[in-house]
Every structure is written in structure tokens, then in C-alpha cells.
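One structure below.
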Amino acid sequence: MDLREDTSGDVTILEIKGRIDSTTAPVLGERLTASLTTPQRRLVLDLRQLEYISSAGFRVLLLAARRAEEAGARFVLCSVTGKVRHLFDLGGFLDLFLISGSREEAITAVH
Amino acid sequence: MRTVETTIANRRDDLARVTRIVEDLAGTHHLARDVVADVKVALDEVLTNILAYAYEDDEIHEIRIRLSLDQEVIEVEVEDDGRPFDPTALAPPDLSASLRDRSVGGLGMHFVRNLMSEVTYARP
């Protein structure tokens with residue numbers, strides 16, 4: 001898993017490439033925790049280049065979404081397609097997280 | 001039939017090696033990317049469950065993983081010496097809970113059951 005950080009105005013965009021499984025999920029968890037503790041933080045997680053995500057990854061995303069809610073931060077996922085979308089659907093997560101179709105839509109959605 | 005077999009210890013650090021073995025097999029036999037992803041997710045779920053729940057001591061245990069490829073079928077066999085537990089008998093998880101109440105308990109086996117064509121459990 002590679003994490004690449006971009007910014008667009010006051011929005012932080014974290015792009016994930018590769019896989020989120022039990023080996024890589026802890027690294028993502030630490031990164032999201034660090035990002036979402038600041039109130040008013042606006043974070044977009046771009047999953048366009050994500051290969052797959054296992055339940056260990058969903059656990060990290062759930063915790064991040066809860067933390068965002070508690071901290072008053074905004075946390076939106078985008079570009080959930082193909083196999084990754086199938087896994088979100090199987091796990092019942094498509095309606096649980098805020099998900100935008102593209103990075104541009106997500107940047108608008110976090111405001 | 002092409003068969004690849006490996007043994008790992010019940011340590012999280014060893015799981016990445018299993019992923020690499022699946023990727024090597026997939027590369028050699030030009031397997032469909034989605035199918036390979038399904039196998040890697042299923043293996044991550046099964047092995048994570050074994051690491052988390054199968055052992056009552058802190059000793060090193062061996063887990064054997066065998067991947068068999070035959071025409072259109074990939075068979076994955078995982079064998080451990082942990083306490084008996086039939087994951088196929090697990091109740092499906094509640095997928096309707098809100099963000100606050102949602103847990104991922106049971107989600108791993110839910111993925112395995114839905115991503116694989118057939119899942120069986122056996123004791124010697």
C-alpha cells in the first residue's frame with residue numbers, strides 16, 4: 001500500500017494505491033487518526049487506485065468515520081469502483097460512508 | 001494441476017508472504033485480477049481469524065496454506081493446529097447498523113462465503 005497526500009485549498013486528499021488488508025491497515029489507521037484529530041479538518045480518501053480492501057481495512061475506515069464525526073471533521077471517500085465497490089456493497093458500507101463519484105465531487109462534498 | 005504450498009508462523013509479519021505467493025501464482029498463470037483479489041481477501045480473512053482466535057498460548061504454531069489451480073478452479077486450503085472452530089457455522093453479520101453501532105465482527109467470514117464459490121471446514 002502506498003499513500004500519497006495532496007492538498008486542494010483547505011482539503012487534504014489521501015490517495016491509496018495497492019491493498020488494504022490486515023498487514024497494511026494499521027499504517028492507514030495511524031495516518032487517518034493523525035489527520036482527523038484536528039477539528040474542521042476536511043479529508044478526502046481517494047480509492048481510485050485501491051486494488052482491494054479486507055475487513056481489517058473496513059474496521060479502520062469505520063473508526064476514522066466515527067472519529068471524524070466526534071471531532072467535527074469532514075471525511076469523504078471517492079472513486080469507489082470495480083472490485084472495491086463490490087466489497088463495499090457486500091459489507092453494506094455503500095450507504096454507511098459518505099462516498100463521492102470523483103475527487104472533484106468529494107472536495108465539494110467536504111465543504 | 002499446479003499446486004503451491006507454504007507454511008507460515010502464527011505471526012502477522014508472515015501474512016505478507018502469503019499475498020506474494022498468490023501474486024506469483026497469478027502472474028505465472030495470468031489469472032483474472034478480480035479473482036486474485038477475491039482469493040487474497042479470503043486468505044487475509046481466514047488467516048487473520050486464525051491468528052486472533054485459534055491459539056490459547058503464545059507459542060509459535062505452523063499454518064499450512066496450499067493453493068491448487070486446475071483449469072477454471074482455484075482451491076485454497078488452510079490448515080492449522082488451533083482449537084476447533086467451524087467458521088462456516090458463523091451467523092451472518094448485521095449489516096444494517098448505523099455508523100456508531102456498526103462493528104466488523106463476522107464480516108471477514110461473510111466476505112469469504114460471498115467471494116468464494118464453496119467454503120468447507122473439516123477436522124482430521
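Of the residues in segment A:30-50, how many are surrounded by 20 or more Cβ atoms within 10 Å (Cβ to Cβ) and farther than 19 Å from A:Val11 by Cα?
Counting residues in segment A:30-50 that are surrounded by 20 or more Cβ atoms within 10 Å (Cβ to Cβ) and farther than 19 Å from A:Val11 by Cα gives 1.
Just checking, which of B:Arg11, B:Arg17, B:Arg64, B:Arg33 is of a type in the set (Lys, Arg) and more than 19 Å from A:Ser22 (Cα to Cα)?
Every option except B:Arg33 fails the conditions.
Within segment B:94-104, restricting attention to residues that are at pLDDT 90 or above and surrounded by 12 or more Cβ atoms within 10 Å (Cβ to Cβ), which residue is nearest to the other protein chains (Cβ to nearest Cβ)?
Ranking the qualifying residues of segment B:94-104, first place goes to B:Leu95.
In segment A:63-88, which residues are within 10 Å of chain B (Cβ to nearest Cβ) and under 26 Å from B:Val35 (Cα atoms)?
A:Gly82, A:Lys83, A:Val84, A:His86, A:Leu87
Using the structure shown, decide if B:Glu5 is under 12 Å from the mean Cα position of the chain (by Cα) and loosely packed, with under 14 Cβ neighbours inside 10 Å.
Against the criterion (under 12 Å from the mean Cα position of the chain (by Cα) and loosely packed, with under 14 Cβ neighbours inside 10 Å), B:Glu5 does not qualify.
Could you grab me the full set of residues in segment B:1-15 that are among the hydrophobic types (A, V, I, L, M, F, W, C) and farther than 20 Å from B:Tyr55 by Cα?
B:Met1, B:Val4
Which of (1) within 14 Å of chain A (Cβ to nearest Cβ); (2) over 18 Å from A:Ser55 (Cβ atoms); (3) out of contact with any helix residue (DSSP H, G or I) (no Cβ under 7 Å at 6 or more places or on another chain) is the odd one out, the single condition B:Glu75 does not satisfy?
Looking at each condition in turn, B:Glu75 falls short on (1).
Only one of (1) facing another protein chain (nearest Cβ under 7 Å); (2) closer than 17 Å to A:Arg19 by Cα; (3) hydrophobic (A, V, I, L, M, F, W, C) is not met by A:Val60, so which one is it?
Looking at each condition in turn, A:Val60 falls short on (1).
Kindly indicate whether any position in segment B:41-64 is within 14 Å of another protein chain (Cβ to nearest Cβ), free of Cβ contacts under 8 Å to residues at least 40 places away in the same chain and under 17 Å from B:Glu5 (Cβ atoms).
Scanning segment B:41-64 turns up at least one residue that is within 14 Å of another protein chain (Cβ to nearest Cβ), free of Cβ contacts under 8 Å to residues at least 40 places away in the same chain and under 17 Å from B:Glu5 (Cβ atoms).
Does any residue in segment B:10-21 that is more than 11 Å from every other protein chain (Cβ to nearest Cβ) and more than 13 Å from A:Thr24 (Cβ to Cβ) come within less than 6 Å, Cβ to Cβ, of a residue that is assigned to a helix (DSSP H, G or I) and at pLDDT 95 or above six or more places away or on a different chain, and which pairs are these?
Final answer for the pair search is B:Asn10/B:Leu51.
Only one of (1) under 25 Å from A:Thr81 (Cβ atoms); (2) more than 16 Å from the chain's Cα centre (by Cα) is not met by B:Ile74, so which one is it?
With respect to (1) under 25 Å from A:Thr81 (Cβ atoms); (2) more than 16 Å from the chain's Cα centre (by Cα), B:Ile74 is out only on (2).
The values are calculated or read from the model by the stated rules, or taken from the named source; none is laboratory data. None of the values given here were measured: they were computed from a predicted structure. Virtual Cβ from ideal backbone geometry, glycine too; neighbours counted across all protein chains shown.
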